[in-house]
Amino acid sequence: MRDRSHNRIVQVQNSQYENDINYTVAMCRWVLKMLGVWPLVYNRTSKFEKFFSFVILITFLSNLMIALIPPFRYVLFVEKNLYIRVKLIGPVGFCLLSTIKYLYLVVKGTVFRHCIAHVENDWKMVDNARNRTIMLKHSNISRKLITLCAAFLYTGGVSYNTVSQFLSKGRVKGNTTSRPLTYPGYDAFLDVQSSPNYEIIYSIQCLAAFIRYTVTTATFSLAVIFVTHICGQIQVQIARLEDFVEKKNEKESRLKLLDIVIRDHGEILRFAKIVEAALRELCLTQLVESTLLICLLEYLCLKEWQNTFAMSTYVLYLISFTFIIMIFCHIGEILSEQCSQIGPASYEIDWYTLPAKKACNIILMNAISLYPPKLTAGKMIKLSLYTFGSVLQTSVVYLNLLRTVTT
């Protein structure tokens, strides 16, 4: 479905729209700027910002390739120990899927630009303090969720990629000590134990880890911001329908208000379709990633339960990825639930007093609410709390299979 929001004429009714827009997209903007993607999803950027973002994109993608290819080769062709191979599949798979998500953010920049433009236009058209409060409430929810996601990911990442290296004891081989790396596999290309090779490779791996966590946070923030914005708009329409009931003696005002509700409801549904189309591949990648990592982290927790530090790191990672996929599934559930609420709200007004043409519009809006928009993973799996339960169930099934194979 084509987005018409960026072509519509917007009359600015909210004098504070710039502050409101900044409050809504600020955290997402910070994350996307770190990845060099922001100029691709926001059209009002300077030439210097675009050039600097291009340099960041090339640097980060090159870094991800350097951090991915040698460990990937090592896991597939070099390492023979089954437990070590299983232990490395998770980080290497996470790196691969994060690279795919990063490339997707770059390729789909135009689609996300239209979505952000739609959010900006909606903020400009907020016409009273009550509706602004409703939308700010949902923006605040999205900010809190993004903060939690970033806190979990970066805390676990620091523990796994930096602290664990300092606490790990180097393996003694003859008269030399082998310094550990988070991801092995570089020995075939250079002597990683000599300086400055070790420091360079270790820095590359730390930067690659930072990029992966930032990509995951960016994906999460885009999904949460767009869905909570849609929910806020639905609540605004419900509040307008409540105003419609109260204005019993103002016929012209009621009919005008009803026209606004019907028009905006159609815009919301179009925007929801565009958001679903923009996010479906990211959601599918996140679903596969979370299922794989939750299974492997459960397995590592069972294997490393005597190692306190390793256990705490794996548990923190497990909480992080469980939280991320739970929120993805939860916002999919909330999106369908909120969009279906417009039907009962429209039925509760005294529609029987309206002219026949207006009453037909109400009936159509009520019927559409029976088939609310859905957030899907690859247009195959509807994201809902049932899907979240299926992810956990599937991870346990794979865990049992993994334990059987490695025993």
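Go through the residues of region 1-9 one by one and say whether even a single one is part of a helix (DSSP H, G or I), within 25 Å of the chain's Cα centre (by Cα) and modelled with pLDDT under 95.
The answer is no; no qualifying residue exists.
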Query raised in the report: Taking the stated definitions as given, is Y371 part of a loop (DSSP other than H, G, I, E, B), farther than 26 Å from E252 by Cβ, touching a helix residue (DSSP H, G or I) at 6+ places or on another chain (Cβ under 9 Å) and not small (G, A, S)?
Result: yes
Query - Some residue of region 166-180 being farther than 26 Å from Q341 by Cα, part of a helix (DSSP H, G or I), modelled with pLDDT under 90 and of a type in the set (A, V, I, L, M, F, W, C) - result: yes
Requested in this report: Enumerate the pairs (first residue in region 117-130 and surrounded by fewer than 24 Cβ atoms within 10 Å (Cβ to Cβ); second residue anywhere and among the aliphatic types (A, V, I, L, M) and in a helix (DSSP H, G or I)) with beta-carbon separation below 6 Å, excluding pairs fewer than 6 apart on the same chain, so at least 6 apart or on different chains.
Outcome: E120/I21
Query - T24 closer than 30 Å to N140 by Cβ, hydroxyl-bearing (S, T, Y) and not in a loop (DSSP other than H, G, I, E, B) - result: yes
Report task. Kindly indicate whether K87 is out of contact with any Phe, Trp or Tyr (no Cβ under 8 Å at 6 or more places or on another chain), outside any helix (DSSP H, G or I) and surrounded by fewer than 20 Cβ atoms within 10 Å (Cβ to Cβ). Result -> no
**Report entry** Test: residue in region 298-321 that is open to solvent by 30 Å² or more (accessible area, probe 1.4 Å), under 18 Å from S390 (Cα atoms), among the charged types (D, E, K, R) and not in a loop (DSSP other than H, G, I, E, B)
**Finding:** yes
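Condition check ((1) acidic (D, E); (2) open to solvent by less than 60 Å² (accessible area, probe 1.4 Å); (3) in contact (Cβ under 8 Å) with a residue 24 or more places away in the chain; (4) assigned to a strand (DSSP E or B)) across all residues:
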position: A359; (1), (2), (3), (4): no, yes, no, no
position: K379; (1), (2), (3), (4): no, no, yes, no
position: Q393; (1), (2), (3), (4): no, no, no, no
position: V397; (1), (2), (3), (4): no, no, no, no
Report summary line: Restricting attention to region 253-306, the residues that are of a type in the set (D, E) and either at pLDDT 95 or above or more than 23 Å from T322 (Cβ to Cβ) (or both) number exactly 4
Report summary line: Sole miss for V25 among (1) over 30 Å from V261 (Cβ atoms); (2) modelled with pLDDT of 90 or more is condition (1)
Report task. Looking at (1) surrounded by fewer than 21 Cβ atoms within 10 Å (Cβ to Cβ); (2) farther than 30 Å from T406 by Cβ, find the lone condition where L32 falls short. Result -> (1)
Report summary line: Being at pLDDT 90 or above, of a type outside the set (F, W, Y), under 22 Å from the mean Cα position of the chain (by Cα) and open to solvent by 70 Å² or more (accessible area, probe 1.4 Å) narrows L136, L148 down to just L148
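The values are calculated or read from the model by the stated rules, or taken from the named source; none is laboratory data. All values derive from a computational prediction rather than experimental measurement. Note: ideal-geometry Cβ built from the backbone for every residue, glycine included; neighbour counts use all protein chains shown. Ligands, DNA and RNA are stripped out before the accessible areas are found, and what is left, the full protein with its side chains, is counted by its heavy atoms. Shrake-Rupley method; radii C 1.70, N 1.55, O 1.52, S 1.80 Å.
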